Amino acid sequence: MVGLHHDPVGTLSGLTERYGDIVHFRLGPQRVYVITRADLIRQVLVTNQKSFKKGPGFEAARIVLGNGLLTSEGDFHLRQRRMLQPAFHRRRVAAYGEIMVEEAANTGTMWRDGGLRDIAPDMNELALRVVSRALFGTQVDREAHAIGQAVAEAGAFFDYLTVALLPVLLRTPLPRVRRFKRAIVEIEQATTQVIEARRLDPEAGGEDDLLAILLAARDTEGDGTGMTDEQVRDEALTIITAGHETTGNGINWAWYVLARYPEVEQRFHRELDEVLDGRPPTAEDYPRLRYTEALVYEAMRLYPPAWGIERRAVTDQPIGGYVIPAGAAVLMPTTITNRDPRLYNDPLRFDPERFLGEQAAGRPDWAYPLFGGGTRKCIGVGFAMLEAVLVLAELGRRWRVRLDPAHAVVPQARVSLRPRDGLLVRTELRA
Ligand code: HEM
């Protein structure tokens with residue numbers, strides 16, 4: 001199973017091709033079930049969701065994220081979800097559109113006409129800045145950035161092998177373990193400081209930033225109380241962690257397909273020219289940037305940033321003719337599901353039309369488990385899609401990117417699916 005560390009998607013695809021929709025293997029003492037069929041994934045994530053909790057990766061992530069929305073369980077998770085939900089309401093999220101466009105424009109100032117540039121770090125940095133600013137407002141820009149960087153550093157520590165060996169690894173003096181531990185201390189101290197300062201001076205942030213909403217949230221459907229500072233910290237770190245690398249890589253894959261398919265790029269440019277007529281986009285433009293939205297969905301179908309979703313069975317669970325025993329880990333690689341010919345005709349063909357008109361309307365929600373499902377479905381879907389569309393629109397109204405023939409773009413499944421050696425392109429100003 002060494003392949004699972006080096007090339008999880010390739011290894012799992014191979015197993016699925018040989019053994020079918022449910023594959024079982026052991027990883028040391030751990031029993032693992034890989035499920036790739038969409039309706040069976042739905043059973044795990046939606047229909048029988050109470051019989052599963054989060055899987056091994058999230059258990060490990062608790063070291064960084066504490067008891068935030070991604071890692072908490074049961075009634076506590078539901079209470080937190082109720083309190084956070086209003087912060088992700090469509091109208092609230094639209095207010096962050098300005099930050100998204102501003103950060104995209106700032107990124108554009110670093111691009112040179114005809115220059116060769118790895119734009120993957122640009123997109124990841126941009127997504128980190130957007131979510132940090134949306135969370136902490138503009139007045140703590142420096143702290144927000146430092147916290148974001150430390151979260152990115154801590155997140156980079158995790159991969160399949162690290163998760164499996166975590167208890168042992170944490171006792172070693174390896175430089176990467178020391179860096180990881182230092183990042184965690186920095187994160188805790190800096191976030192606690194920002195929260196304490198904000199409690200003392202609630203006006204200190206931007207208007208309606210996410211932190212203000214978290215601090216003011218009350219569980220009105222439950223006991224009416226709010227969150228402790230520690231809980232606010234866990235939720236803030238969770239939002240940064242869940243919100244930046246996934247979205248940054250989603251945008252990276254959209255640039256990649258735009259560069260590969262000239263007819264898609266032409267339609268994208270036509271839409272931008274028609275809707276924007278040369279001005280920067282705003283959140284109000286989103287409903288008219290339908291083709292841009294569709295190409296983002298289609299890029300993420302083929303290259304889903306959250307490439308695998310995990311659970312652990314709480315009780316024995318009959319799924320698809322098998323019984324998944326209590327305690328077993330369940331891995332659902334959406335990368336494979338999204339390429340299933342039973343769901344998508346000619347699945348390897350890139351075609352944004354799949355997400356427009358009748359084709360999109362006729363497809364059940366669970367056929368595209370990119371954002372998960374059930375009570376644990378991504379709370380940031382609206383945020384992520386608005387960001388991807390506005391960033392592509394702002395940069396795409398002025399720039400096009402061309403792949404460098406000497407540079408192969410290779411997907412690599414780590415915490416999220418990213419271009420392994422970056423995304424080296426020639427940036428060109430559009431006429
Ligand atoms: C393209 C971008 C994104 C993708 C593909 C994505 C994907 C996902 C997936 C698959 C889950 C479910 C995980 C599970 O069930 O185990 C999830 C949960 C979550 N996501 Fe996202 N996400 C994205 C962007 C964002 C953004 C921008 C934010 C916040 C600003 C965010 C915040 C969260 C949170 C807080 C959860 C936990 C929800 C819960 O358990 O109640 N995500 N995301």
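The values are calculated or read from the model by the stated rules, or taken from the named source; none is laboratory data. Remember, it's a predicted structure, so these values are computed and weren't measured experimentally. Heads up, the Cβs are rebuilt from the backbone with ideal geometry, glycines too, and the neighbour counts pull from every protein chain shown. In case anyone asks, the SASA skips ligands and DNA or RNA and just uses the protein heavy atoms, side chains included. Shrake-Rupley method; radii C 1.70, N 1.55, O 1.52, S 1.80 Å.
Structure data summary
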| read-out | value |
| --- | --- |
| Charge tally in the Cβ shell below 9 Å around G396, where Lys, Arg are +1 and Asp, Glu are -1, G396 excluded | +2 |
| Gap separating the Cα centres of segment 317-352 and segment 32-86, nearest whole Å | 17 |
| Charge tally in the Cβ shell below 14 Å around T246, where Lys, Arg are +1 and Asp, Glu are -1, T246 excluded | +1 |
| Percent accessible area from carbon and sulfur atoms, segment 57-149, protein chains only, probe 1.4 Å | 52 |
| Rel. contact order, % - alpha carbon contacts under 8 angstrom, at least six apart, the chain | 28 |
| Nearby lysines by direct alpha-carbon distance to K377 (threshold 21 angstrom, same-chain neighbours under 8 apart not counted) | K50, K53, K54 |
| Share, in percent, of DSSP beta bridges within the chain that are antiparallel, nearest 5 | 90 |
| Accessible area of the chain divided out per residue, in Å², using a probe of 1.4 angstrom | 45 |
| Calculated FRET value between R426 and D219, using beta carbons and R₀ = 56 Å, to 0.05 | 0.60 |
| Solvent-accessible area, 1.4 Å probe, carbon plus sulfur percent, for segment 271-350 | 53 |
| Alpha-carbon Rg with Dmax, taken over the chain, Å | 21.3, 61 |
